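The values are calculated or read from the model by the stated rules, or taken from the named source; none is laboratory data. Predicted, not measured: the structure shown is a model, and the values here were computed from it. Using ideal geometry, Cβ is built from the backbone for each residue, glycine included, and neighbour counts are taken over all protein chains shown. We work out accessible area using only protein heavy atoms, side chains counted, and drop any ligands, DNA or RNA first. Shrake-Rupley method; radii C 1.70, N 1.55, O 1.52, S 1.80 Å.
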Amino acid sequence: MKRRTVLGGMAAAAAGTLATPLRAAGDPLKVGFVYVGPIGDLGWTHEHDQGRLAVEAHYGDKVETFYQENVPEGADAERVLTQMCLSGAGLIFTTSFGYMDATLNVARKFPNVKFEHATGYKTAPNVATYSARFYEGRAVIGTIAGRMTKTNKVGYIASYPIPEVIRGINSAYIHARKVNPDVEFVVVWVYTWFDPAKEGDAAQALIDQGCDVVMQHTDSTAPQAVAKEAGNVMTFGQASDMSAYAPWPRVTSIIDNWAPYYIRRVGEVMDGTWQPAQTWEGIAEGMVKIGPMSERLPAEVRAEAEALIEAMRKKEYHPFTGPLNKQDGSPWLAEGEVADDGTLLGMNFYVEGLKGSIPS
Amino acid sequence: MIRLERRPEPSRAWTAATPILAVALTMLAGGALFAALGKDPVAAIRTIFWDPLFNEQFAAYSRPQLLVKAGPLILIAIGLSLGFRAGVWNIGAEGQYIIGAICGAGVALALYPAESALIFPAMVLAGALGGFLWAMIPAILKTRFNTNEILVSLLLVYVAEQLLASMALGAMRNPEGGGFPGSRNLQQYPSAHNPELLANTGMHWGVVAAFLAVIGAYVLLNRHITGFHIRLAGEAPKAARFAGVRPNALVVFCFGVSGALAGLAGLFEVSGPSGQISIDFNVGYGFTAIIVAFLGRLHPLGILLAGLLMALTYIGGELAQFMLGLPAAAIQAFQGMLLFFLLAVDVLTNYRVRLGRGEVAR
Amino acid sequence: MNLSGISPEVLIAALMVASTPILLAAIGELVVEKAGVLNLGVEGMMIFGAICGFAVAVETGSPALGFLGAAAGAAALSMLFGVLTQFLLSNQVATGLALTLFGLGLSALVGQGYVGVTPPAMAKLDLGPLGDIPFFGRVLFGHDAMVYLSLALVAAVWMFLNRSRAGLILRAVGESHDAAHALGYRVVAIRLGAIAFGGACAGLGGAYLSLIRVPQWTEGMTAGAGWIALAIVVFASWRPWRVLLGAYLFGGVTVLQLNLQAAGLAVPVEYLSMSPYVVTILVLVVMSSGRGRAALNAPASLGRVFHATT
């Protein structure tokens, strides 16, 4: 590794000075985006691209954005990043967890380029990380689900057993149980982020098992369509608003809203104040947005949800506030205690009351 | 009326000329596609075919990357080509590639953080063995139960993918990774790392193995009795029986070699350019290698060139995407076109085009 | 094991819907392979059908026209494969894979304007009181028209192959193109027809996803269904009814494993996720063991290039 580092460093130093001259005043800042899916996925990647478009709209010809979609994680990502750097990018957003090591490798070779890695945990002098507190949104839809379910069974289509997803399940469950002690969550792991047919099958299975609320942590609208077909089943938009299914089954949504952050960070690079922070923002900062609530929700449920949103907007309420026990009954948070970000980021346990086990 | 007349021998002149003709045709058709998308066709074509090799801004970096990208394609395709010649259909190299990576990385992760010069060779063995054993499942089901090998090898890809996800999330998860999926990065484990052997050449052990495989396959096919048997079994199955070729042994041999090579490709990838076992570790090399094998006409040297050409379109395509804002889909369609033209003009190598009436194929 | 939570009628009804895209694509590919042509481009044709059907349905407002458009579009795409393999005598395996690549790319380009659009809904088939019969009502009479069409197609293909002269000729072409040619049959024309039929069926399967199952257009939405369809044809040993069996088996295990998860069965999820593939392999092993080569039923000329010398 040492040899590799030295050689790589030398090569990079040469390449770096050669290919990334300091930006002359008046030149547009080149901002690159690396996407894991197609921009037309209507989910994760689509929302990041909306952020990119917002940057363009905000800064006009002071920026030049470019992107690459469908970039596999690993070696291909490293090449794409390097080529972006060589083409003169000043700031690059890498929008998937799997780009973490590739981002750091390339960042080491191009110290003049700034990197922003989504959902990761490793930083460097020129690498910042950012993510959204989606669990705040889950608290809102959990509350609505707890109020609205008649069968007391809430279905949850989960992608992979990673902290991000587990956090969402816990948050939704805690808040559903708070307003409805009898509620039960049924989690189905589909082991994919995006497979419309499989997501649809999973939704169907949940509905067949008696769930009348289906939440999803996958990107396609197939579960919405299945719920619509079933008639009396409620859903929530995920990643994007999925308003095509409003007012029913989609009653509200958790929207990834990257635009404010992207605009802010691009501005900081422009005026030289950019710092490699670890950003984790939620409803308060606008990174997580709750979509319009359907008229089909009773007014008091809507009011309750709005109050919860407002409390989180003012940072008066944290969704993981004690008393909370882990699934095995061992205490986790004492009365009034708030979970620390470290535990949340690496969350790998269910809270008390959830059934089943997390696959590993 | 146009008709085709089989040449007694494939034309040497056309063998050399058809790839150039195909690329030229692709440039025309692809240029039209890009123009239809509102992009400058000349710039797009230049970015895809010329810039990765000669653009002063990129070439120093992207030229070596050709080898990194082509290495696994060639290594896998060489193995597959033996089977395809013999009529043994291993469609599941992608799965063998995954299992090779899992086994090889497993050795490294089990030994972490011990440092020893023996670790990497042990990983290489484990990777090859993993791919070999995974390929033995369809091979043995075929020879023992007559189960179709296309189906078994293909479906085992999906099983391997599930296994990969389970490894990345469970057994091989980085204990220092904060609960996130993915193993330790082998690039940061010196004894397990498959580094760039010479700076800025892209050469790593996987590329070396690919070149060795090309040479080995060439020798096997031209100088060795097994190679003769493979060719015979594919071209004249009945004659092969009389010549003493045991079909079952051939199935096992072809699957074994292609599985081991695919496993090696996975191991070199996970220990080098990719670095870690992750949910989406595999990116389709095993399937693309099937195309590479046929583009190279199942000939070792042809496969070498086809692998490099495919790698060029990948890397050039990436450049074109962010330099010109071409959608990834346009590059995919463009690659499809290139393959179509390469396959289509091949007819000129083996057949003479005759104009006029005569014996028209009914 | 607690299976009480899973009702068989619900399961069967769900698996029929889940299996339909694969079934449609597989029954088309079966005819193609029976004619001696191996087209590995099913995935590409499926997704192209998905976007063609979607676009036509959105533009005309008619899902039925959408399905027609899907069939026509995917059949047109399959003709690329047809021309290359039948006239230019290219290798079928490589051409099929190239078709998949091309189809995935082309469909995404065509679909750029249709992201986020909602297609017109397919009118529900109302079979009146039939739908209220216990058990059978839901299993047999509770579906959309395409489910019945897919079943009808299986029957029709079986009839065609085994009970019609045209089917006999098609099989003859697949068994020995040289002999069929010598008998005066137009091998290339017959194969082109089969390829177009296969394309049309794959297109219908894709459109079933984009118009009924999901219903929406997103890039890569077939997510590998075409490959499963290919595997099902082999699984079926090139017999139409076994294609139905294979597709329903695969779809059934997929649905069952999700239902088992939802019912809280304590089996590790990763094994459940593998189960559709593993079960399909195991069933095929059981079915294919202990029989001679004849039972394999593969068309003898499958994948071989045909060139008329006389």
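Quick rundown of the values:
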item	result
For chain A, the longest site-free run once GluC sites (Glu not before Pro) in DSSP loop states with at most 11 other Cβ atoms within 10 Å are removed	A:1-315
Within a Gaussian network of chain B (alpha carbon springs, distance under 10 Å), most fluctuating of B:PHE281, B:PHE180, B:PHE255	B:PHE180
Accessible solvent surface per residue of the protein assembly as shown, calculated while the other protein chains remain in place, 1.4 angstrom probe, Å²	36
Prolate/oblate/rounded label for the stretch B:1-157 (Cα gyration tensor, a/c 1.5)	oblate
Greater than 25 Å apart at Cα, pairs in A:LYS109/B:LYS69; A:LYS114/A:LYS315; A:LYS178/A:LYS314	A:LYS114/A:LYS315
Three-way shape call for the protein assembly as shown based on the alpha-carbon gyration tensor, with the a/c threshold at 1.5	oblate
For A:ASP195, residues with placed amide H under 5 Å, excluding near neighbours	A:ASP219, A:SER220
Karplus 3J(HN,Hα) series, Hz, for the stretch A:170-180 with 6.51 cos²θ - 1.76 cosθ + 1.60 (x for Gly, Pro)	4, 4, 4, 5, 3, 7, 5, 5, 4, 9, 8
Total accessible surface hidden between B and C, rounded to 100 Å², 1.4 Å probe	4300
Shielding of B:92-98 by partner chains, average beta-carbon count, 10 Å	0
Residues whose placed amide H lies under 5 Å from that of A:LEU29, excluding near-sequence neighbours	A:VAL63, A:GLU64
Net charge of Cβ neighbours under 13 Å - reference B:ALA243; Lys, Arg +1; Asp, Glu -1	+3
Accessible area of the stretch B:139-217 belonging to carbon and sulfur atoms, whole % at 1.4 Å probe	64
GluC sites (Glu not before Pro) lying in DSSP loop within the stretch B:166-246, provided at most 12 other Cβ fall within 10 Å	B:GLU176
Relative contact order, percent, chain B [alpha-carbon distance under 8 Å, six or more residues apart]	36
Distance between the stretch B:291-308 and the stretch B:87-119 - C-alpha centres, whole angstrom	25
Vicinal HN-Hα couplings computed from phi for the stretch A:309-323 (Karplus, 6.51 cos²θ - 1.76 cosθ + 1.60; Hz; Gly/Pro x)	4, 4, 4, 6, 5, 8, 6, 8, 9, 10, x, 9, 10, x, x
At least 20 Å along the helix axis (C-alpha) and Kyte average at least 0.5, DSSP helices within chain C	C:8-34, C:42-60, C:63-82, C:92-110, C:145-163, C:187-207, C:240-262, C:269-288
Mean separation of Cα contacts under 8 Å, 6 or more apart, over the residue count of chain A: relative contact order %	16
Sparsely packed trypsin sites (Lys or Arg not before Pro) within the stretch C:168-255, loop by DSSP, other Cβ within 10 Å at most 16	C:ARG186
Shielding by other protein chains, B:59-65, mean Cβ within 10 Å	4
Sulfur and carbon atoms: percent of accessible area, chain A [1.4 Å]	53
For peptides C:135-148, C:221-234, sequence by mean Cβ density within 10 Å, most packed first	C:221-234, C:135-148
Proximal charge balance of C:PRO240 [Cβ under 14 Å; K/R count +1, D/E count -1]	+3
Environment charge of A:LEU344, counting only residues whose C-beta is closer than 15 Å and scoring Lys/Arg +1, Asp/Glu -1	-2
